[in-house]
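Asks: Supplied in structure tokens, the structure appears directly below.
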Amino acid sequence: AEKINVRMSECKIASGDVVLETLGIGSCVAICIYCSEKKMGGLAHAMLPYNTNRGITRFRFADEDVLYMVKRLKDEGCDPAKLVAKRIGGASMFKGLSEHIGHDNVEAARKKLGEQGVRIVAEEVFGTYGRCVWFDLNTGGVVVSKIYGATIEI
């Protein structure tokens with residue numbers, strides 16, 4: 001399978017024999033949305049929950065990432081009612097100022113997915129450790145490698 005890397009503040013859509021990967025998910029949230037009929041999906045690596053300043057890079061925000069991916073998948077012929085999502089990340093990596101950003105990122109993804117009618121079928125969230133994510137568009141499977149922990153499939 002071809003591997004496509006999704007860096008922080010990026011969002012990519014692909015289909016077929018592709019694995020979308022993102023590394024170093026800490027307080028960020030990785031959002032995977034999958035269309036099984038077309039073996040197509042999107043992966044976002046969002047840093048912040050909501051975009052309150054439309055002038056800033058759009059793929060930095062969980063809410064806009066969800067809207068973008070759902071629109072793109074609909075445009076490609078995916079039935080929005082059949083889309084499913086998985087969320088990964090949202091760790092509490094830093095005490096103090098940004099302590100709650102991970103929780104807020106995961107919650108923003110949940111809220112926006114719900115508003116779009118996309119069902120969350122699995123997640124690996126919170127904690128105090130980073131993660132790496134591999135999203136296989138052939139199967140919809142997501143492998144999560146936890147820093148200092150096990151590698152699991154969700």
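The values are calculated or read from the model by the stated rules, or taken from the named source; none is laboratory data. Note that the structure is predicted; figures quoted are calculated from it, not measured. Note: ideal-geometry Cβ built from the backbone for every residue, glycine included; neighbour counts use all protein chains shown. With ligands, DNA and RNA removed, areas are computed over all heavy atoms of the protein, side chains included. Shrake-Rupley method; radii C 1.70, N 1.55, O 1.52, S 1.80 Å.
Asks: Provide the per-residue ³J(HN,Hα) series for the stretch 128-135, in order, calculated from phi with Karplus coefficients 6.51, -1.76, 1.60 and θ = phi - 60°, each as a whole number of Hz, with x at glycine and proline positions.
Replies: 10, 10, x, 9, 10, 10, 10, 10
Asks: Any lysines with Cα under 26 Å of the LYS74 Cα? List them, leaving off those in the same chain fewer than 8 positions away.
Replies: Partners found: LYS3, LYS12, LYS38, LYS39, LYS82, LYS86, LYS111, LYS112.
Asks: In debye to the nearest 20, how big a dipole does the chain give about its Cα centre with +1 on each Lys and Arg Cβ and -1 on each Asp and Glu Cβ?
Replies: Computed about the Cα centre, the dipole is about 200 debye.
Asks: Just flag the chymotrypsin sites (Phe, Trp or Tyr not before Pro) in the stretch 125-154 sitting in loop per DSSP whose Cβ has no more than 12 other Cβ atoms within 10 Å.
Replies: Answer in residue order: TYR148.
Asks: Pull up all non-local amide H partners of GLY127: gap of 5 or more, or a different chain, and H-to-H distance under 5 Å with H placed in the peptide plane.
Replies: SER92
Asks: If you don't mind, another one. Can you list, bin by bin at 5 Å, the percent of alpha carbon pairs in the stretch 1-92, starting at 0?
Replies: P(r) over the stretch 1-92, rounded to whole percents: 3, 15, 26, 24, 19, 10, 3, 0.
Asks: Of the heavy-atom accessible surface of the stretch 35-148 (probe 1.4 angstrom), what whole percent is carbon and sulfur? Intermediate values should be presented prior to the final figure.
Replies: Working: 3000 of 5660 Å².
Carbon-and-sulfur percentage of accessible area, whole number: 53.
Asks: How would you order 84-95, 23-34 from highest to lowest mean count of nearby Cβ atoms within 10 Å?
Replies: Put in order of decreasing packing, that is 23-34, 84-95.
Asks: I need to check one value: relative contact order of the chain, counting alpha carbon pairs closer than 8 Å and at least 6 residues apart, in percent.
Replies: Taking the mean separation of contacting Cα pairs over the length of the chain, I get 27 percent.
Asks: Can you work out D for the stretch 65-154 in µm² s⁻¹ from Stokes-Einstein, where Rh is the Kirkwood radius over C-alpha pairs, the temperature is 25 °C and the viscosity is 0.890 mPa s?
Replies: 173
Asks: Hey, another quick one. How big is the chain in terms of Cα radius of gyration and Dmax, in angstroms?
Replies: In Å, with Rg to one decimal and Dmax whole: 14.1, 44.
Asks: Whole number in Å², please: accessible area per residue of the chain, 1.4 Å probe, ligands, DNA and RNA not counted. Each step should come with its number before you reach the end.
Replies: Working: 7360 Å² over 154 residues.
Counting only protein heavy atoms, the per-residue value for the chain is 48 Å².
Asks: Hey, got a sec? Which trypsin sites (Lys or Arg not before Pro) in the stretch 1-75 land in a DSSP loop and have at most 14 other Cβ atoms within 10 Å? Could you put the intermediate results ahead of the total?
Replies: Numbers: sites: LYS3, ARG7, LYS12, LYS38, LYS39, ARG54, ARG58, ARG60, LYS71, ARG72, LYS74; in loops: ARG7, LYS38, LYS39, ARG54.
Answer in residue order: ARG7, ARG54.
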